[in-house]
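Read through the structure below, which is laid out as structure tokens, and then see the notes.
The values are calculated or read from the model by the stated rules, or taken from the named source; none is laboratory data. It should be emphasised that the depicted structure is a prediction, and the values quoted were computed from it without experimental measurement. When we count neighbours, we look across all protein chains shown, and the Cβ atoms used for this are built from the backbone with ideal geometry, even at glycine.
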């Protein structure tokens with residue numbers, strides 16, 4: 001029993017430290033560019049020890065990857081086969097809005113940035129598990145999934161950079177109609193309703 005309490009206490013401490021560092025990254029990104037943010041400034045803003053940072057992350061890029069994955073895993077949990085494209089997109093844009101600062105930071109970095117590549121690869125793997133291609137000889141699955149990722153990513157980037165001038169409802173309609181339905185109609189089979197899709201861990 002005592003060891004279990006100790007583990008829970010350690011887990012809470014880890015979560016708290018990572019949350020503080022994540023919040024510090026978001027806060028500093030409002031004041032300077034990502035490249036200008038140092039580990040020292042992150043630990044000072046988070047009020048944690050310099051050495052503590054490296055017990056959790058190898059680099060600033062790894063911290064940003066962690067932040068992005070937290071958002072992605074929220075999205076993975078709400079994507080259900082029974083939802084319409086609009087319902088799904090509305091939930092996704094709601095999550096993007098709640099995490100708009102970290103999403104804007106990540107989406108405005110180059111797509112091949114070291115912090116972003118692992119997340120895009122995880123999304124690609126996840127979507128390939130969700131969808132079957134209609135005709136591999138016509139449009140390969142990798143091509144269709146890549147197009148879906150880039151289209152959704154650009155839509156989110158455009159919206160966040162505009163300061164969310166359009167409502168989440170309007171953006172959900174745009175993503176559902178311009179991206180999801182179109183790509184499914186020409187390249188990918190709709191997801192099977194009965195299949196259980198577990199989030200990528």
Subset tally (residues that are surrounded by fewer than 20 Cβ atoms within 10 Å (Cβ to Cβ) and touching a residue at least 60 places away in the same chain (Cβ under 8 Å)) for region 92-101:
4
Is it true that residue 26 is surrounded by 14 or more Cβ atoms within 10 Å (Cβ to Cβ), touching a helix residue (DSSP H, G or I) at 6+ places or on another chain (Cβ under 8 Å), at pLDDT below 95 and farther than 19 Å from residue 109 by Cα?
no
For residue 59, state whether it is within 17 Å of residue 113 (Cβ to Cβ) and at pLDDT 95 or above.
yes
Positions within region 43-91 being surrounded by fewer than 16 Cβ atoms within 10 Å (Cβ to Cβ) and part of a loop (DSSP other than H, G, I, E, B), in sequence order:
47, 49, 58, 59, 80, 81, 82, 83, 84
Just a yes or no: is a residue in region 68-83 outside the structural domain of residue 148 (by TED's automatic domain parsing) and in contact (Cβ under 8 Å) with a residue 40 or more places away in the chain?
no
Can you tell me which of (1) within 17 Å of the chain's Cα centre (by Cα); (2) touching a residue at least 12 places away in the same chain (Cβ under 8 Å); (3) surrounded by fewer than 16 Cβ atoms within 10 Å (Cβ to Cβ) is the one residue 115 doesn't meet?
(3)
Taking residue 116 as the residue in question, decide whether it is under 24 Å from residue 169 (Cα atoms) and in the same structural domain as residue 155 (by TED's automatic domain parsing).
no
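Every residue, every condition in (1) outside any helix (DSSP H, G or I); (2) modelled with pLDDT of 95 or more; (3) exposed (fewer than 14 other Cβ atoms within 10 Å of the Cβ); (4) touching a helix residue (DSSP H, G or I) at 6+ places or on another chain (Cβ under 6 Å), yes or no:
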{"residue": "157", "(1), (2), (3), (4)": "no, yes, no, yes"}
{"residue": "165", "(1), (2), (3), (4)": "yes, no, yes, no"}
{"residue": "169", "(1), (2), (3), (4)": "no, yes, yes, no"}
{"residue": "173", "(1), (2), (3), (4)": "no, yes, no, no"}
{"residue": "177", "(1), (2), (3), (4)": "no, yes, yes, no"}
{"residue": "194", "(1), (2), (3), (4)": "yes, no, yes, no"}
{"residue": "198", "(1), (2), (3), (4)": "yes, no, yes, no"}
{"residue": "201", "(1), (2), (3), (4)": "yes, no, yes, no"}
I'm told residue 136 meets every condition in (1) in contact with a helix residue (DSSP H, G or I) (Cβ under 9 Å, 6 or more places away or on another chain); (2) without any contact (Cβ under 8 Å) to a residue 60 or more places away in the chain except one. Can you identify the failing condition by its number?
(1)
